[in-house]
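Trainee: This is the structure, below, for whatever I ask next.
The values are calculated or read from the model by the stated rules, or taken from the named source; none is laboratory data. For clarity, every value in this text was computed on a predicted model and none was experimentally measured. Cβ atoms come from the backbone with ideal geometry, glycine included; neighbour counts cover every protein chain shown.
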Ligand SMILES: Cc1ncc(COP(=O)(O)O)c(C=O)c1O
């Protein structure tokens, strides 16, 4: 059985073994609210241990945390792995802060999650944006190509890093190896948002992992697809081109001084699980996804994504564990299909204007999942409206004019104006629809009429805005001019 040094230290130091004159204040659950106690159970609250010497220090790991991080680094083939208890968001902030200097330029494809914006602001970076291709049939953003990256780096030799999100939410993976080569040939780092890829590299049927492809760092949401608790992620770093002192300093800066040991313990456990049976787990998730895909394919005219987009617009491989359907041919918008499923007790991972994404993992590979798949098919068949013709929206794929760097815009005075009157103004905030949480506009960029129109259209289709202060979009913050 794979070792779990952090979990073992926690088990040894349980609050029922000592009288705790230290944090947390609930003292092993003794003082916890009864509802919290009944939800979590006394065991979990007893295991909510704190900063004792035998439990190590995440800021200067020398004991069980160091062992857990070393084992995770070895598993993913990195020089250093950091445990992250503030999601991949926190790790992306640390990754950018630790590998670049204020004022550095970074190439950022415009399919990046909003967490990159925090990193740009904190590190004071100057983004140069690239727009990936769009597939009109599947109505999905694809990946940037190595050629696009090379052209951008040739055009601006000051770019110090390439940021890449691969695989994306829908499981579409870029040609990371070729992009790493291009970046390194130009003296730039490759920093990867691998939020959707903590399981990569454990099966030949999955895309290769970022570190295997030569990335300099990769932030992985261990909680999204593998066995860690929500919020738990790992940052993998290669110290070939990144200075260890800078990264250690940056990660300490963005990390709480009171990390939750239940969360860190779950990262240790998830790593051990992958070390022991990562291949099996990857195969199980692909198997379960295929069960659902086969069931959905029985619905006439329903497009079910598998590997159709490989070779298109920078997509090199696909994670078959993600099952995406295009809902338009059913006569349903994405939110309508998701609502129908929710009413029957099925909650899905992602909904956009005309897609529903079912996240399937190793935990679904069991007999009961066949019945879940059947139920999903039945609900969609029952709710389909073949007579209804939905006209899909034009995607908003403009690269807005950048008038200020994100950090400058973040701190600049701004005020709200009516949304409909904002055309031509410099935006003081970011707007995304969540999920997937990809900003359409970032602070410091000029608002155009097409953006306003697109946002209204998405709202009409029942999609939720994320980012701006006023999520109803009656008003929008603009920079004072
Ligand atoms: C591509 C991508 N990157 C980063 C994140 C942020 O991850 P976390 O929620 O772990 O902070 C997400 C979250 O959905 C994401 O989809």
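Trainee: Give the number of residues within the range 151-171 that are surrounded by 17 or more Cβ atoms within 10 Å (Cβ to Cβ) and away from the ligand (no atom under 16 Å from the Cβ).
Mentor: Qualifying residue count, the range 151-171: 5.
Trainee: For the range 45-67, which positions are farther than 13 Å from residue 23 by Cα, within 27 Å of the chain's Cα centre (by Cα) and touching a residue at least 60 places away in the same chain (Cβ under 8 Å)?
Mentor: Hits for the range 45-67 are 58, 59, 65, 67.
Trainee: Working carefully through the options 20, 24, 61, find the one that is under 30 Å from residue 218 (Cβ atoms) and assigned to a loop (DSSP other than H, G, I, E, B).
Mentor: Every option except 61 fails the conditions.
Trainee: Scan the range 251-261 and give yes if some residue there is closer than 19 Å to residue 4 by Cβ, in a helix (DSSP H, G or I) and either away from the ligand (no atom under 16 Å from the Cβ) or not assigned by TED's automatic domain parsing to the domain that holds residue 358 (or both), otherwise no. Give the steps one after another, and end with the answer.
Mentor: We begin by selecting, within the range 251-261, every residue closer than 19 Å to residue 4 by Cβ; these are 259-261.
Add one more test, that the residue is in a helix (DSSP H, G or I), and what stays is 261.
Now narrow it down to the ones that are either away from the ligand (no atom under 16 Å from the Cβ) or not assigned by TED's automatic domain parsing to the domain that holds residue 358 (or both): 261.
Checked against the condition, which is being closer than 19 Å to residue 4 by Cβ, in a helix (DSSP H, G or I) and either away from the ligand (no atom under 16 Å from the Cβ) or not assigned by TED's automatic domain parsing to the domain that holds residue 358 (or both), the range 251-261 yields at least one hit.
Trainee: In addition: Just wondering, is there one or more residues in the range 444-458 that are within 25 Å of the chain's Cα centre (by Cα), in a loop (DSSP other than H, G, I, E, B) and modelled with pLDDT under 95?
Mentor: Within the range 444-458, not a single residue is within 25 Å of the chain's Cα centre (by Cα), in a loop (DSSP other than H, G, I, E, B) and modelled with pLDDT under 95.
Trainee: While we're on this one: Consider residue 275 against the criteria (1) out of contact with any strand residue (DSSP E or B) (no Cβ under 8 Å at 6 or more places or on another chain); (2) surrounded by fewer than 22 Cβ atoms within 10 Å (Cβ to Cβ); (3) under 17 Å from residue 136 (Cα atoms); (4) touching a residue at least 60 places away in the same chain (Cβ under 8 Å): it satisfies all of them except one. Which criterion is unmet?
Mentor: (3)
Trainee: Still on this structure, please answer the following. Determine, yes or no, whether residue 282 is under 21 Å from the mean Cα position of the chain (by Cα), within 16 Å of the ligand (Cβ to nearest atom) and part of a helix (DSSP H, G or I). Even if it seems obvious, please write down each step before you answer.
Mentor: Values: under 21 Å from the mean Cα position of the chain (by Cα): yes; within 16 Å of the ligand (Cβ to nearest atom): no; part of a helix (DSSP H, G or I): yes.
So residue 282 fails the test.
Trainee: Let me ask you something else. For residue 2, indicate whether it is farther than 17 Å from residue 259 by Cβ, modelled with pLDDT of 95 or more and touching a helix residue (DSSP H, G or I) at 6+ places or on another chain (Cβ under 6 Å).
Mentor: No; evaluated as a whole, the condition is false for this residue.
Trainee: Return the only residue of 143, 148 being farther than 25 Å from residue 434 by Cα and either crowded, with 23+ Cβ neighbours inside 10 Å or touching a strand residue (DSSP E or B) at 6+ places or on another chain (Cβ under 8 Å) (or both).
Mentor: 148
Trainee: Any idea how many residues of the range 229-239 are more than 10 Å from the ligand (Cβ to nearest atom) and in a loop (DSSP other than H, G, I, E, B)? Quick ask: steps written out before the conclusion?
Mentor: Step one: filter the range 229-239 for residues more than 10 Å from the ligand (Cβ to nearest atom), giving 229, 234-239.
Retained after the next criterion (residues that are in a loop (DSSP other than H, G, I, E, B)): 229, 238-239.
Final tally of qualifying residues: 3.
Trainee: Would you check if residue 110 is within 14 Å of the ligand (Cβ to nearest atom), surrounded by fewer than 23 Cβ atoms within 10 Å (Cβ to Cβ) and in contact (Cβ under 8 Å) with a residue 24 or more places away in the chain?
Mentor: yes
Trainee: Please work out which residue is nearest to the ligand (Cβ to nearest atom), limiting yourself to the range 181-211 and to residues that are touching a helix residue (DSSP H, G or I) at 6+ places or on another chain (Cβ under 9 Å) and in a helix (DSSP H, G or I).
Mentor: Per the stated criteria, the residue is 183.
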